[in-house]
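To keep things clear, I will list the structure first and then write my remarks on it.
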Amino acid sequence: MSQINLLLLCGGGGDEHAISLMSANFLETSLAKEPEINLLRVELDGQGHYRTQDGRSCELTNRKEIRFAAEEQAPWPVDYVIPCIHGFPGETGDIQSYFDLIKLPFFGCDSESSSNCFNKVTAKMWFSALGVPNTPYIFLNELNQESIAQTKQALENWGSIFIKAASQGSSVGCYRVDSQDELVSSLEQAFSFSPYVIVEKTINARELEVAAYELNGEIVATKPGEIICASNTFYSFDEKYAANSKAETKVEADVSEEVAQQIQAYAIKVFKGMKLSHLSRIDFFLTEDNEILLNEINTFPGLTPISMFPKMLQNHGDDFTHYLYSNIKSQLVSA
């Protein structure tokens, strides 16, 4: 195959902009090992402006090329794009719609599957429809007295709850509530991030994660890894990415073969059922009674030096660069 002009698009301008840049560093380093890849890295800001690493203003046109603001610079044709954007507009599916419109091949899940996974309400409806157990929840579409009363009742029934903005990633807009005193302020904060909110029963359980991905025409689900947080806490945004994070990660969790296989089976089931593509990190809870509950799906998981997806892929025996390049190559060949 001749040279591939690959656009590595990162940033996005949202709450996870900085994390996206860290993930882009990892991808850039991995792709540098492939001589056929001619890579251009472009950052997208919150105002929809594109800029190269050396500061040149540009845009991605419907002709599948990067056009530079300086007219003397020739347009750069794009063969393929990796939308390394966590949260909006990447994991929400917005930018994939544009790629589809201009017929530009891209890495990762399509618009519909990205949107279905990113919205926690839609995702949980899909989990249930596919017969995969998940956490009990209620859905709120407005902050009013009725929704406050519903949430108070849920707290009474369940003893502890999580209030989550429905359309955010990396635990943004996510609050654990153990007393009535915290309830209203947590609802207000969650609704400031999203017009829809879900209230979930707190599950006292181990947090397990699976890397599910496509390689050589097969769907792979790794053995589950584990996130171990301090007592009575959860895996918050800071715990995921802060340099001084106290959360412990295990690339391979100490669970029975039966539990590992059931989690892997659920992961493959939702990967297939929700029509995911190329990569995902699928998160589960495992209770003391060995009950497995699907928590959420990340359609473009973090790829930082401490992120679980590349670690679990490597632990499974796969090389990240080979995995990435083989997906790019097979997609371009079949296009």
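The values are calculated or read from the model by the stated rules, or taken from the named source; none is laboratory data. Remember, it's a predicted structure, so these values are computed and weren't measured experimentally. Neighbour counts are summed over all protein chains in view; Cβ atoms, including those assigned to glycine, are modelled from backbone coordinates with ideal geometry. Calculation scope for accessible area: heavy atoms of the full protein, side chains included, ligands and nucleic acids excluded. Shrake-Rupley method; radii C 1.70, N 1.55, O 1.52, S 1.80 Å.
Computed quantities for the displayed model
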{"item": "Rough spin-label spacing in nm, given labels placed 7 Å along Cα→Cβ, for residue 102 and residue 47", "result": "2.0"}
{"item": "Largest to smallest principal axis extent of the C-alpha atoms in the range 1-80, angstrom", "result": "38, 32, 21"}
{"item": "Fluctuation leader among 77, 310, 301 - the chain, Gaussian network, Cα springs under 10 angstrom", "result": "77"}
{"item": "Label-point separation, residue 291 to residue 319 (7 Å along Cα→Cβ), nm", "result": "4.5"}
{"item": "Accessible area per residue, Å², the chain with all protein chains present, probe 1.4 Å", "result": "45"}
{"item": "Net +/- balance of residues flanking residue 139 in space, Cβ distance below 10 Å, scoring K and R +1, D and E -1", "result": "+2"}
{"item": "Rounded if a/c under 1.5, otherwise prolate or oblate - the range 243-335, Cα gyration tensor axes", "result": "oblate"}
{"item": "The chain - share of DSSP beta bridges that are antiparallel (%, nearest 5)", "result": "75"}
{"item": "Net charge of neighbours whose Cβ lies under 13 Å from the Cβ of residue 43, counting Lys and Arg as +1 and Asp and Glu as -1", "result": "-1"}
{"item": "Most to least accessible of 33, 64 (protein chains only, probe 1.4 Å)", "result": "33, 64"}
{"item": "Carbon plus sulfur fraction of accessible area for the range 123-202, probe 1.4 Å, in percent", "result": "49"}
{"item": "Computed over the chain: relative contact order in percent, which uses C-alpha pairs under 8 Å that are six or more apart", "result": "18"}
{"item": "Cα-based Rg / Dmax (Å) for the range 123-169", "result": "12.1, 34"}
{"item": "Residue of 300, 284, 68 that the Gaussian network model of the chain assigns the largest fluctuation, springs spanning Cα pairs under 10 Å", "result": "68"}
{"item": "Three-way shape call for the range 1-139 based on the alpha-carbon gyration tensor, with the a/c threshold at 1.5", "result": "prolate"}
{"item": "GNM result for the chain, Cα springs below 10 Å: residue of 167, 113, 185 fluctuating most strongly", "result": "185"}
{"item": "Label-point separation, residue 144 to residue 38 (7 Å along Cα→Cβ), nm", "result": "5.8"}
